[in-house]
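Heads up: the structure comes next, in structure tokens.
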Amino acid sequence: MQRLKSIYINDVIPRLKEKFGYKNVNQIPKLKKIVINRGFDESCQNNKILDTLSAEINNISGQRIVISNSKKAIASFKVKEGMPVGMFLTLRGEKMYSFLDRLINLSLPRIRDFQGLSAKSFDGNGNFSFGLTEQMMFPEIDFDKVIKIKGMDICIVTSCSNDKEAYFLLKELGMPFNS
């Protein structure tokens, strides 16, 4: 069992029950999935750059990515039909807890001048989204093999009904908020 999952089961669930007074075990909020998303610009149309960017996400997450292609051509954005415009992947279960543990304890503290994540990034339904400006903070990335510095968006989806519960859940799991 992952370390973060055992912390959730042994420490966070009793605190959630105590704070919010859940009567049923199924009411207790939990993490559903983590979605990692990365968009491309014009320079990423090169297959070599595309392969290295996808290999980086594969190394970070331990899972294969899905490349999104454009459905129709948009001339003003220089996008052709079938052209790759982004990549994403969804983590669930043990891989989700493993990624979140590495993100909280290894990657986020390595960001220069990191003051914590904004608590304003909740969407109203208990989901938390934030963006990273570069991939260099992850220990799995080899600096010599990086061709292009690209950011990514990470969305943590929970089963919480509101932002207050989600904030408490993520704060108890160790997410570094600035407030």
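The values are calculated or read from the model by the stated rules, or taken from the named source; none is laboratory data. Predicted, not measured: the structure shown is a model, and the values here were computed from it. Methodologically, a virtual Cβ is constructed for each residue, glycine included, from the backbone with ideal geometry; neighbour enumeration extends over all protein chains shown.
Does Lys33 qualify as being at positive phi and either more than 14 Å from the chain's Cα centre (by Cα) or at pLDDT 90 or above (or both)? Considered against the rule, which asks whether it is at positive phi and either more than 14 Å from the chain's Cα centre (by Cα) or at pLDDT 90 or above (or both), Lys33 comes out as no. Cβ separations smaller than 7 Å between residues 6+ apart or across chains give the following pairs from region 158-179 residues that are of a type in the set (S, T, N, Q) to residues that are part of a helix (DSSP H, G or I): Thr158/Ala166; Thr158/Leu169; Ser179/Ala119. Restricting region 133-159 to residues that are of a type outside the set (Asp, Glu) and modelled with pLDDT of 90 or more leaves a set whose member that is farthest from Pro29 (Cα to Cα) is Met152. The numbered conditions (1) surrounded by 13 or more Cβ atoms within 10 Å (Cβ to Cβ); (2) among the hydroxyl-bearing types (Ser, Thr, Tyr); (3) within 18 Å of Met175 (Cα to Cα); (4) in contact (Cβ under 8 Å) with a residue 24 or more places away in the chain are all true for Ser118 except (1). Looking at Arg64, Arg3, Arg102, Arg38, just one residue is more than 15 Å from the chain's Cα centre (by Cα), of a type in the set (D, E, K, R) and within 29 Å of Glu140 (Cα to Cα), and that residue is Arg3. Of everything in region 123-144, what is more than 17 Å from Ser61 (Cβ to Cβ), within 14 Å of the chain's Cα centre (by Cα) and not in a loop (DSSP other than H, G, I, E, B)? Give them in sequence order. Of everything in region 123-144, just one residue is more than 17 Å from Ser61 (Cβ to Cβ), within 14 Å of the chain's Cα centre (by Cα) and not in a loop (DSSP other than H, G, I, E, B), namely Phe128.
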